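Data block below; observations after.
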């Protein structure tokens, strides 16, 4: 049987393994973040600046200030204007902080320079693009809200129809059950009435037998009386006895 010391040792071992796994995962996530930052030419300052701008926008939203053009202007002002552009991907770099991968190893960076006019127009283009994105997001949000409301309405109608159908089915089942109960009651009544009718018939037959049995002796007695009356009395005739006469004369 395991003792307390053994269990505690196992727990400590498992905790160590868990901490090792967490450290490996965290290291992997950090490596991925570092690769992405190097790929896009970002630094911790850029991340902190964007996070600060986002916190400010969220604060304004909480305070009831609209985060439309004011938020876009603050984002544009907080970001440095681009100085270099990659002609293949269109990625830009301001020339500050760590250089991105597409220009990091290039010795002559003049071919990636952006014209001054284009660089000046970049914030306006960015603002317009941000405005368009915001409008597009609002339109998508409105469509989503409309679709949700339509879906809810359709769902309500469908649920109402389903409820009505369920009620109809329940009513039909109740009617069928009542009909079955009535049929069963009729059968029971018929079964209970059948013995009663049989008993009545038997009683009638017994009464008829008793009546016929009581009437038969009376009929016999009446018949005997009638037979006696119909027999006529026999008249007695006198019987004459003749005595023989003696023969006289002897020769």
* Some residue of the range 2-10 being in contact (Cβ under 8 Å) with a residue 60 or more places away in the chain and either surrounded by 10 or more Cβ atoms within 10 Å (Cβ to Cβ) or not in a helix (DSSP H, G or I) (or both) -> no
* **One residue from 99, 81 being at pLDDT 65 or above, surrounded by 10 or more Cβ atoms within 10 Å (Cβ to Cβ) and touching a strand residue (DSSP E or B) at 6+ places or on another chain (Cβ under 8 Å)** => 99
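Tally time: how many residues in the range 11-47 are assigned to a helix (DSSP H, G or I) and closer than 24 Å to residue 90 by Cα?
Our first condition is that a residue be assigned to a helix (DSSP H, G or I); within the range 11-47, this holds for 11-40, 44-47.
Subset that is closer than 24 Å to residue 90 by Cα: 32-40, 44-47.
The qualifying residues number 13.
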* To do: Have a look at 39, 69 and point out the one that is in contact with a helix residue (DSSP H, G or I) (Cβ under 9 Å, 6 or more places away or on another chain) and at pLDDT 85 or above.
  => 39
* Look through 60, 107 and report the one residue that is modelled with pLDDT of 75 or more and surrounded by 15 or more Cβ atoms within 10 Å (Cβ to Cβ). => 60
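The values are calculated or read from the model by the stated rules, or taken from the named source; none is laboratory data. Predicted, not measured: the structure shown is a model, and the values here were computed from it. Virtual Cβ from ideal backbone geometry, glycine too; neighbours counted across all protein chains shown.
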